[in-house]
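Here's the structure, in structure tokens; my notes come after.
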Amino acid sequence: MTATAHALVGGAIAASMQNPVLGITLSAVSHPLLDLIPHWDFGWGWRQKTKLRLFLEATFDLVFGFLLAYLLFGRNIDFWYFSAAVLASEIWDILEAPYWFFGWKFPPFGLIYKIQSSLQGKTKTMQVGILNQVLTVTGIVLVLRLFN
Ligand SMILES: [Zn+2]
């Protein structure tokens, strides 16, 4: 999924779990589970994109996701806990970046790429892939709210 979707889930987890060890662990675990759901993200067709374009899109996604998650979930909790949970929610894709940009195929980068791309759920169109994400993230946020 997009870094924005992952960040929103990580931020929502942090906002609803007092225990940082639990919150950060759950955020990291949420990533591969979310990626199983068919979706669209900027990684689609990445081999056809220029490295610059891929870099700009990925950076935009990371920064936008962090800010949006902060506005929605981060303002009333410890900033470092919030940031660590968001980072944990995105860590698999961040660790994959050296593979995309530098072609580092050795472990852990190539291995993470292999595992992640085998787990990616893909939709047929971008529109459905975005809608799925909005619905999934909204559903998770609502469920987490019930625990508050
Ligand atoms: Zn991923």
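Points worth noting:
- The value of relative contact order for the chain, using C-alpha pairs under 8 Å at least six residues apart, is 41 percent.
- Compared with the direct C-alpha span, the chain from residue 68 to residue 115 gains 14.1 nm at full extension, assuming 0.36 nm per residue.
- Take the Cα of residue 53, step 7 Å toward its Cβ, do the same at residue 21, and the gap between the two points is 4.6 nm.
- The alpha-carbon of residue 105 sits under 20 angstrom from the alpha-carbons of these lysines, leaving out residues fewer than 8 places away in its chain: 49, 51, 114.
- All Cα-Cα separations within region 1-40 were binned at 10 Å from zero, giving a P(r) of 32, 52, 14, 1, each value a whole percent of the pairs.
- Taking amide H atoms as placed 1.01 Å from N in the peptide plane, the amide H of residue 39 lies under 5 Å from those of 121, 122, 123, each 5 or more residues away in sequence or on another chain.
- Residue-normalised convex hull volume from the C-alpha trace of the chain: 103 Å³ per residue.
- Over region 67-148: Kirkwood hydrodynamic radius from C-alpha pairwise inverse distances, Å: 15.2
- Given 11 as the ceiling on other Cβ atoms within 10 Å, longest exposed-site-free region of the chain for trypsin sites (Lys or Arg not before Pro) in DSSP loops: 1-74
Rule-based calculations on the coordinates, nothing more; no lab input. Since the model is a prediction, treat every value here as computed from it, not as a measurement. Don't worry about glycine lacking a Cβ; one is built from the backbone with ideal geometry, like all the others, and counts go over all protein chains shown.
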